[in-house]
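Student: Shown below is the structure under consideration.
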Amino acid sequence: MTTIFATVAVSLGLARFALFLALHVVRNDYNIVEHAVSDYAVGRTRALSSIMSWVTAVFWVALAVLVVSAFPDWKDLAGVTICLIALAAIFFVLPFLPTDLEGAASTTVGRLHLLAAIAWFALSYACMGNFARLLQPIAPAPLGSTLLITSWVALISLVALVAALAIRPARRYAFGISERIFLLSVNVFYVTAALGVITTR
């Protein structure tokens, strides 16, 4: 069963990756430098963005079920599982919390979106260390190295996007790219983690 759960998690993670790329390829009103990914949830790409969010929600659930099945005695299991379920809940509601576009009036829904985004960025990064410590000693070296590299990429890009938010002149040119690097590194990390679980069975 563990292999099945891992395969489902990998498939959903790859599906999210494909949807993320599609979001940027289909006709839209945004660009990767000046706009946040959450902007794509407003306008003509809203439906595709919503599908990506819900696929991601199921991905986090699958990953939670996977670690419970594969590592029932893991000392970090309870905390990590709670984080993964929280991530699933956040992604389920994200399509109902569209962001406020740049220049538009601030709204309560937009503020809730910002809080949800901060929470998922923080939770997804926070669990990386737990997964790396668990899997690096037991997974094949290439997967262990990928976990290490992508976790560092995630950290650097997260620092960069926070800096871009704090330094207003840099926001227009640095936030969009650093955010996308963070999102992709998170995606690659957790797909690699699921693959790592498969190799330990």
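Student: How big is the Rg/Rh ratio for the range 81-189, C-alpha atoms only, Rh by Kirkwood, two decimals?
Tutor: For the range 81-189, the value is 1.03.
Student: Heavy-atom accessible area of Arg133 with all protein chains present, probe 1.4 Å, nearest 10 Å²?
Tutor: Surface open to solvent at Arg133 totals about 150 Å².
Student: Here's something else I'd like to know. Using all C-alpha to C-alpha distances in the range 1-123, build P(r) with 10 Å bins and read off the rounded percent in each one.
Tutor: 13, 39, 31, 14, 3
Student: Same structure, new question: List the residues of the range 6-29 whose backbone N lies under 13 Å from a point placed 7 Å from the Cα of Arg44 along the Cα-to-Cβ direction.
Tutor: Within reach of a label on Arg44: 24-29.
Student: Below 8 Å, C-alpha to C-alpha, sequence gap of six or more: please give me the relative contact order for the chain in percent.
Tutor: 29
The values are calculated or read from the model by the stated rules, or taken from the named source; none is laboratory data. It should be emphasised that the depicted structure is a prediction, and the values quoted were computed from it without experimental measurement. Cβ sites come from the backbone with ideal geometry, for glycine too, and all protein chains shown count toward neighbours. Just the protein is used for accessible areas: all its heavy atoms, side chains included, with ligands, DNA and RNA removed. Shrake-Rupley method; radii C 1.70, N 1.55, O 1.52, S 1.80 Å.
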